[in-house]
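The values are calculated or read from the model by the stated rules, or taken from the named source; none is laboratory data. None of these values were measured; they are calculated from a predicted model. Here the Cβ positions follow ideal geometry from the backbone for every residue, glycine too, while neighbour counts run over all protein chains shown.
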Amino acid sequence: MNIPFNPSEIASDALFAGREKEVAILTENILSGKNTIILSHLKEGKSSLFARAVSLSSDRDVNLKVCRISSADITSEADFCRVLVQQILVSLSAGVEESMGFLNRCFPSSDPRIVVGNDGALRLETDFSRCTQAQLFRAFDIVASYVEEKGVKLCLVVEDIQQILQFNDPVEFYRHFSSSVRKSRNMFYCLFGSSVFRMHEFLKGASRSFKLHDSVITLQQLKVSDFGTRLSDIFAASGKYLDPDNSTYLAGLAAAHPYYVNLLARQAWLMTSVVCTREIISQAFESLLDVMSLSFQKYLQTMTEQQICYLRAIISGETSVSSAAVLNRFGITSATSASRSKASLLACDFIHYSDGRIRVTDPLMEKWLNRRFSIGR
């Protein structure tokens, strides 16, 4: 069975919605080699946006290459440099012999060696943990020079860039990294970050003395109208029917969040034989909420009692949580406690500002919390 919705993949052209302005900006940034940072909350379409922009850019610049790095499991400057060097060599199709020569010449202290993988293929392994900080920072200049020697235009994509906040000195690291890339005529970067509040605060501090990037694109929440007839069209292409009103209803239930729209549409499609009714969509939504409730509950259990009290106030629509009446009503011990809860929840990206008020960042969890807290009102 060919299911037309897959939340784990890059959004198809048919489902990509509401980011036309950002696509145009990012495409021009890539073509002109501008260092760009893309920020959004989790699963709001950063990768799909980049994929669309780089596809359009590649059509206009055949010399463009992309090196992609995931920082999800990177916890130190040494880890970052190790992954960076290895991925650059892979992206530029350097063979084992050429790569080994490059590493021995430029990074002898990284202990480069050739190992045989389980599949019998040869691969390189390095260890940058014994490198000094100066050697690690020098690696950025060496990589930039290597890219220039190859005569290609390289877009260095780093996902989960918020991981650098765990480094010993993230500001110094980012300044050296950005400075080296900015000096290069052939290399530029596109960084993805998910902890929007923390990353904005970090970039504000890091950029105080240096111009480190050319453009920051912060993705805004999509609107239900952005999806138009896309869902109905995809259903129709697969031999099923979803009328436009129910398509709007589905997108609204998923709060126009691209990941949840895709996930809910998939569930509704699987439950539909021929015609997808509003009842099917509602049942699909309840099923999705049931599946997600366990992870939501576990997340809630990591919070303090005062943070949960603060969340109850926010979910109830309170805008002045520091007032005595609100503090008493929701069991918040003091205005200081409310302020601390707010700061910690903002820092972990659990809540954010939206249209002048504080909202829970995950729209499905917000709906789940609304139901949960309403029971005790």
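Of all residues in region 7-24 being surrounded by fewer than 16 Cβ atoms within 10 Å (Cβ to Cβ) and modelled with pLDDT of 90 or more, which is farthest from Met271 (Cα to Cα)?
Ala24
Considering Arg357, Arg266, Arg329, Arg340, which residue is of a type in the set (Lys, Arg), out of contact with any Asp or Glu (no Cβ under 6 Å at 6 or more places or on another chain) and in the same structural domain as Tyr241 (by TED's automatic domain parsing)?
Numbers: Arg357 fails: in the same structural domain as Tyr241 (by TED's automatic domain parsing); Arg329 fails: in the same structural domain as Tyr241 (by TED's automatic domain parsing); Arg340 fails: in the same structural domain as Tyr241 (by TED's automatic domain parsing).
Exactly one residue qualifies, and that residue is Arg266.
Just to check your reading of the model, which residue among Leu122, Leu136, Leu154, Leu191 is modelled with pLDDT under 85 and under 19 Å from Ile88 (Cα atoms)?
Details: Leu136 fails: modelled with pLDDT under 85; Leu154 fails: modelled with pLDDT under 85; Leu191 fails: modelled with pLDDT under 85.
One residue alone meets the criteria, Leu122.
Within region 26-56, track down each residue that is β-branched (Val, Ile, Thr) and either more than 23 Å from Arg198 (Cβ to Cβ) or outside the structural domain of Asp214 (by TED's automatic domain parsing) (or both). Walk me through it before giving the result.
Of all residues in region 26-56, those β-branched (Val, Ile, Thr) come to 27, 30, 36-38, 54.
Residues satisfying the conditions are Thr27, Ile30, Val54.
Residue under question is Val158, and the condition is that it be assigned to a strand (DSSP E or B), in the same structural domain as Leu26 (by TED's automatic domain parsing) and farther than 24 Å from Glu98 by Cα; does it hold?
Numbers: assigned to a strand (DSSP E or B): yes; in the same structural domain as Leu26 (by TED's automatic domain parsing): yes; farther than 24 Å from Glu98 by Cα: yes.
Criteria met by Val158.
Would you be able to tell me the number of residues in region 335-367 that are on the phi > 0 side of the Ramachandran plot and surrounded by fewer than 16 Cβ atoms within 10 Å (Cβ to Cβ)?
Residues of region 335-367 that are on the phi > 0 side of the Ramachandran plot, as a first pass: 349, 355-356.
With surrounded by fewer than 16 Cβ atoms within 10 Å (Cβ to Cβ) added as a condition, the list becomes 355-356.
Total meeting the criteria: 2.
Quickly run through region 65-121 and pick out the residues that are within 25 Å of the chain's Cα centre (by Cα) and without any contact (Cβ under 8 Å) to a residue 24 or more places away in the chain.
Asp73, Val83, Gln87, Val90
Considering only region 341-362, state which residues are assigned to a helix (DSSP H, G or I) and of a type in the set (A, V, I, L, M, F, W, C). Let's see the steps before the verdict.
From region 341-362, those assigned to a helix (DSSP H, G or I) are 341-347; that's our starting set.
Ala343, Leu345, Leu346, Ala347 - these are the residues of region 341-362 that are assigned to a helix (DSSP H, G or I) and of a type in the set (A, V, I, L, M, F, W, C).
Just wondering, is there one or more residues in region 122-133 that are under 20 Å from Val147 (Cα atoms), of a type in the set (Gly, Ala, Ser) and either assigned by TED's automatic domain parsing to the domain that holds Asn186 or touching a residue at least 12 places away in the same chain (Cβ under 8 Å) (or both)?
no
Looking at this structure, is Leu250 assigned to a helix (DSSP H, G or I) and either surrounded by fewer than 19 Cβ atoms within 10 Å (Cβ to Cβ) or modelled with pLDDT of 90 or more (or both)?
yes
Which of (1) over 14 Å from Asn370 (Cβ atoms); (2) at pLDDT 95 or above does Phe285 not meet, given it meets every other one?
Of everything listed in (1) over 14 Å from Asn370 (Cβ atoms); (2) at pLDDT 95 or above, Phe285 misses just condition (1).
Condition first: touching a Ser or Thr at 6+ places or on another chain (Cβ under 6 Å) and assigned to a helix (DSSP H, G or I). Now tell me which residues in region 5-54 satisfy that.
Passing the criteria: Thr27, Asn29, Ile30, Leu31, Lys46, Ala53.
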